[in-house]
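Novice: Provided herewith is a single structure, encoded as structure tokens, for subsequent inquiry.
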Ligand SMILES: Nc1ncnc2c1ncn2[C@@H]1O[C@H](COP(=O)(O)OP(=O)(O)OP(=O)(O)O)[C@@H](O)[C@H]1O
């Protein structure tokens, strides 16, 4: 093995997520409409314990990129490597309306392979930290938008992921919850968990370690 390869392997070991030269074009939804070329060679690295922001205009492809990083959408070309467990908070909550919050945690907890005690401990801890204990027996379709987002975030966190990918997670949060969200994020980062966050809000920039801008299908790191 030559020196360059050894060096890149050593560096690679530190990356939680590494994506190189990702391309993605959506086929046209309707006949006679054009396909949409969204990503044309996007690359990003995420290291342990950092908060990485992704900014870009509406429709620039941020959610598409995040879905590819998570692994729920396939890229057309390029590689994604994940060195840890992932928690994902999609822009539109993927929750089942007819389940209660408690049942929702059981469902996802089972999916994550947690046992009964782990599930209950994670749910109680997150309900306390995000302040939704009193809604545990509410059906999801009876929750306010902000409380659905809290549950969405709780679900993304309940299996102690190594990296949390958040697609505008605080839509609908009130100010107090927004602060709680950032306190929680700081605690996670102190535990070496990484956070990738799609954000539109300029006032958050000082909370974020590195920012990538998505423009014309590629990512470039911008001054923070
Ligand atoms: N399933 C799909 N099929 C076809 N086109 C799609 C699909 N999903 C997204 N697009 C298109 O791909 C482009 C990028 O969408 P995407 O949602 O990734 O952007 P975004 O940067 O997250 O936008 P926003 O800031 O508005 O949330 C848009 O032009 C969108 O219309």
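Read-outs: derived from the displayed coordinates by stated rules, not from any lab. In this text the structure is predicted, and so the values were computed from the model without any measurement. Neighbour counts are summed over all protein chains in view; Cβ atoms, including those assigned to glycine, are modelled from backbone coordinates with ideal geometry.
Novice: If I stretch the segment between residue 176 and residue 207 completely, what's the gain in nm (0.36 nm per residue apart, minus their alpha carbon distance), one decimal?
Specialist: Additional length available on full extension: 9.5 nm.
Novice: Where the Cα atoms of the chain are projected onto their three principal axes, how long is each span, largest first, in whole Å?
Specialist: Ordered largest first, the chain gives principal extents of 54, 51, 35 Å.
Novice: Next question, about the same structure. Nearest 5 is fine: what % of DSSP beta bridges in segment 157-224 come out antiparallel, could you say?
Specialist: 50 percent
Novice: Please work out how much length the chain gains when fully extended from residue 221 to residue 107, using 0.36 nm per residue of separation minus the C-alpha to C-alpha distance, in nm with one decimal.
Specialist: Going from the current span to full extension adds 37.2 nm.
Novice: Still on this structure: Order these peptides, 193-199, 97-103, by their mean beta-carbon neighbour count within 10 angstrom, highest first.
Specialist: 193-199, 97-103
Novice: Assuming 0.36 nm per residue, please report the length gained on full extension of the stretch residue 29 to residue 142 beyond their Cα-Cα distance.
Specialist: 37.4 nm
Novice: Based on DSSP, what percent of beta bridges with both residues in the chain are antiparallel, to the nearest 5?
Specialist: Here the antiparallel bridges make up roughly 55 percent for the chain.
Novice: So what is the calculated 222 nm ellipticity per residue for the chain, using -39500 (n - 2.57) for each DSSP H run with n of 4 or more, over all residues, to the nearest 500 deg cm²/dmol?
Specialist: Taking each H run of at least 4 residues, the total per residue is -10500 deg cm²/dmol.
Novice: Just the Cα atoms of segment 101-224, one point each, no solvent: what log10 I(q)/I(0) does Debye give at q = 0.14, 0.16 Å⁻¹?
Specialist: Listed by q, the Debye log ratios stand at -0.66, -0.83.
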